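The values are calculated or read from the model by the stated rules, or taken from the named source; none is laboratory data. Quantities reported herein were computed from a predicted structural model and do not represent experimental measurements. Virtual Cβ from ideal backbone geometry, glycine too; neighbours counted across all protein chains shown. Quick note on the areas: whole protein, heavy atoms, side chains included, nothing else; ligands and nucleic acids left out. Shrake-Rupley method; radii C 1.70, N 1.55, O 1.52, S 1.80 Å.
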Amino acid sequence: METASKEGELALSEVIVVTSGKGGVGKTTTTANLGVGLASQGHKVALVDADIGLRNLDVVLGLENRIVYDITDVTGGHCRLRQALIKDKRFEGLFLLPAAQTKDKTAVSPEEMKELCGELRQEFEFVIIDCPAGIEQGFRNAIAGADRAVVVTTPEVSAVRDADRIIGLLEAAELRDPKLIVNRLRSRMVRQGDMMSIEDIIDILAIDLLGVVPEDDMVVISTNRGEAVVQDDRSRSGQAYRNIVQRIKGEAVPMMNLDEGGLMYRLRRMIGLK
Amino acid sequence: MLDFLSRMFGREANGSKNIAKERLRLVLVHDRASVSPQLLQTLKVELIQVISHYMDIDEEALEVTLDSNENQVALVASIPVKGMKRTTRSLAGSI
Ligand SMILES: Nc1ncnc2c1ncn2[C@@H]1O[C@H](COP(=O)(O)OP(=O)(O)OP(=O)(O)O)[C@@H](O)[C@H]1O
Ligand SMILES: [Mg+2]
């Protein structure tokens, strides 16, 4: 994107924060998949776990055994940024800055986060920040150094409501035009009229759609192994994340049809209900 | 049988998603209003401006609130009028 490039910064470098408001809707999963997806295409990516006190991104990426220093060691001046960054050996160019597990959100300030992001910008094309749930200081910290924001929601009343609140707070913090990812969509339920559709959600939130990720057991299975589903060529969620990665890079990729292939879809077509 | 089929293959009108949408719509009316308490204040100021063209109102006693019951949200304004302006009729006539 057109971030004004200061001296030493990569012209294309971008800091993206992944937010949601409501907990457990898929921020960490999204962050990991974006990181792996971008890195597997040769990009230099730093993933920052801003969920201080509830460190997760390390286990989702399968890097939990390699942590020496964490983000608070960097901001507190106990080590250099380079020392705290864990290199993912599977992907050239993918690095993780882990959260502290034993401290709380006040261990880092928004100013420190800004500085940290500025430093990461000089070396990485993409800096992706995994935001904690909530709207308190952890959220403030996570968004402080970001150029743009991604909002993750699920198709449920509570999650969409919280997403709406987050969008308001992001805009108040001058992070304009956040993009939406709808996660865990169950197309069967949408067809039956028992789950809000993408159109419904977009209509209510009035923001741009970055992508739709279906509910998929492969997300859990990959996460169990410390892998990202984006690498799984056969899964639909993997395809969904690959599409999102391309859109993050600015390419126009059509939304995939989550209906096609479903048994009900075919049956409905057969009897002419579609 | 047709009923069974249409339930089986989904008919949106019967589904719970419409309930979800409606509840969400309502709750967001409140949330969005409460995200910016300035909004009601701004609305008040502009209301006063408009109404003052037509009548003298008690600006101090003016009350504007969002009132909600189960399935509707209403903007309720209580605006004590102190007196009518003489120009009211001609203004109204010109609209
Ligand atoms: N598309 C999906 N299909 C199935 N399971 C999913 C999907 N997306 C996420 N999950 C599962 O949902 C759970 C929560 O996901 P995740 O940890 O990414 O959420 P989070 O928003 O980061 O949570 P927190 O707010 O606690 O940080 C995980 O167990 C994850 O594997
Ligand atoms: Mg998380």
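Data for the structure
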{"item": "From phi via Karplus (6.51, -1.76, 1.60), per-residue ³J(HN,Hα) for region B:49-61 in Hz, x at Gly/Pro", "result": "4, 5, 5, 4, 4, 9, 8, 7, 10, 8, 4, 5, 8"}
{"item": "At least 30 Å² accessible surface lost relative to isolated chain, residues of region A:176-217 (1.4 Å probe)", "result": "A:192, A:193, A:194, A:196, A:200, A:204"}
{"item": "Between helix A:236-248 and chain A: long-axis angle, C-alpha atoms, 0 to 90°, nearest 10", "result": "60"}
{"item": "Average partner coverage of A:159-172, which counts Cβ from other chains inside 10 Å", "result": "2"}
{"item": "Heavy-atom accessible area ranking, 1.4 Å probe, most first, across A:43, B:30, B:53", "result": "B:53, B:30, A:43"}
{"item": "³J(HN,Hα) computed for each position of region B:75-86 - Karplus, 6.51 cos²θ - 1.76 cosθ + 1.60, integer Hz, glycine/proline x", "result": "8, 10, 10, 10, 10, x, 9, 8, x, 8, 8, 5"}
{"item": "Helical mean residue ellipticity (222 nm; -39500 (n - 2.57) per DSSP H run of 4+; nearest 500) of chain A", "result": "-10500 deg cm²/dmol"}
{"item": "Vicinal HN-Hα couplings computed from phi for region A:26-34 (Karplus, 6.51 cos²θ - 1.76 cosθ + 1.60; Hz; Gly/Pro x)", "result": "x, 4, 5, 4, 5, 4, 4, 5, 5"}
{"item": "Sequence-distant residues sharing a close amide H with residue A:213 (under 5 Å, placed H)", "result": "A:182, A:183, A:184, A:185"}
{"item": "Computed accessible area, residue B:19, all protein chains, 1.4 angstrom probe, square angstrom", "result": "110"}
{"item": "Total accessible surface hidden between B and A, rounded to 100 Å², 1.4 Å probe", "result": "1800"}
{"item": "Top of A:128, A:204, A:143 by mean-square fluctuation, Gaussian network on chain A, Cα under 10 Å", "result": "A:204"}
{"item": "Surface accessible to a 1.4 Å probe, residue A:208 within the full protein complex, Å²", "result": "90"}
{"item": "Equivalent ellipsoid dimensions for region A:2-270 as semi-axes, Å, which come from the Cα gyration tensor, largest first", "result": "31, 20, 17"}
{"item": "Accessible-area value, residue A:227, 1.4 Å probe, nucleic acids and ligands omitted, Å²", "result": "80"}
{"item": "Residues of chain A: accessible area per residue with a 1.4 Å probe, Å²", "result": "45"}
{"item": "Of A:89/A:249; A:114/B:21; A:27/A:89; A:87/A:249; A:114/A:249, those spanning more than 29 Å from alpha-carbon to alpha-carbon", "result": "A:114/B:21"}
